[in-house]
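The values are calculated or read from the model by the stated rules, or taken from the named source; none is laboratory data. Please read these numbers as outputs of a predicted model, since none were measured by experiment. Note that we place each Cβ from the backbone using ideal geometry, even for glycine, and neighbour counts take in every protein chain shown. Side chains are part of the model used for accessible areas, which takes the heavy atoms of the whole protein and leaves out ligands, DNA and RNA. Shrake-Rupley method; radii C 1.70, N 1.55, O 1.52, S 1.80 Å.
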Amino acid sequence: MLNIELIEDLYAKLTHEEQQKLLNQLFKGSKQSLNYFRRTKDISMSKLETLADFFHLPLDVFRKSPLYDVVVPEGPNADLFQAAANIMAQGQRLNAELNVLNSIILNKRKELDLQNNLLETLRERIEKQKEQ
């Protein structure tokens, strides 16, 4: 689910010119406004990517329940804060991906053990048949 409040908060902190630039990027010059995100239930990925790129944030930030807390930066260090938040978010995504990959490796090892057990059982049967 989309965190519309965050989008509106980020938008409200923009200058009028930045707001117009964002709307133009999102809606290609049409008369749409940010209310689009409240009215539309099926928001296109391209619009979310445009938002993420514009605010220099990862896509997951715009989820209703992101993997991490989002604080809207203000002041002269806002760019540094955003860069740090982006790095932290990327680290959290990479850790989540690593956990998934470790789980896959564990499952593959279990499959390999089962295959090795089956192979050993077949070898034992072959040896018994040779003896008979």
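Could you report the chain's accessible area per residue, 1.4 Å probe, as an integer in Å²? Intermediate results must be reported in sequence, preceding the final value.
Details: 10110 Å² over 132 residues.
Heavy-atom accessible area per residue stands at 77 Å².
Mind checking the angle between helix 16-27 and the chain's longest principal axis? C-alpha axes, 0 to 90 degrees, to the nearest 10.
Taking Cα atoms only, the helix is inclined about 50 degrees.
Amide H to amide H under 5 Å from LEU2: which residues, 5+ apart in sequence or cross-chain, H placed 1.01 Å off N in plane?
Here LYS64 satisfy the definition.
Report the local net charge at GLY29: Lys and Arg +1, Asp and Glu -1, summed over other residues whose C-beta lies under 15 Å from its C-beta.
On the way: positive: LYS21, LYS28, LYS31, LYS47; negative: none.
Local net charge: +4.
Per the helix-only calculation at 222 nm, which mean residue ellipticity applies to the chain, given -39500 (n - 2.57) for every DSSP H run of n ≥ 4 and division by its residues, nearest 500 deg cm²/dmol?
Working: 5 runs with 90 residues, N = 132.
Mean residue ellipticity, 222 nm, calculated: -23000 deg cm²/dmol.
Viscosity 1.567 mPa s, temperature 4 °C: give me the Stokes-Einstein translational D for the chain in µm²/s, with Rh taken as the Kirkwood radius over C-alpha pairs. Please report the intermediate quantities before stating the final value.
Details: Rh = 18.7 Å.
So the translational diffusion coefficient is about 69 µm²/s.
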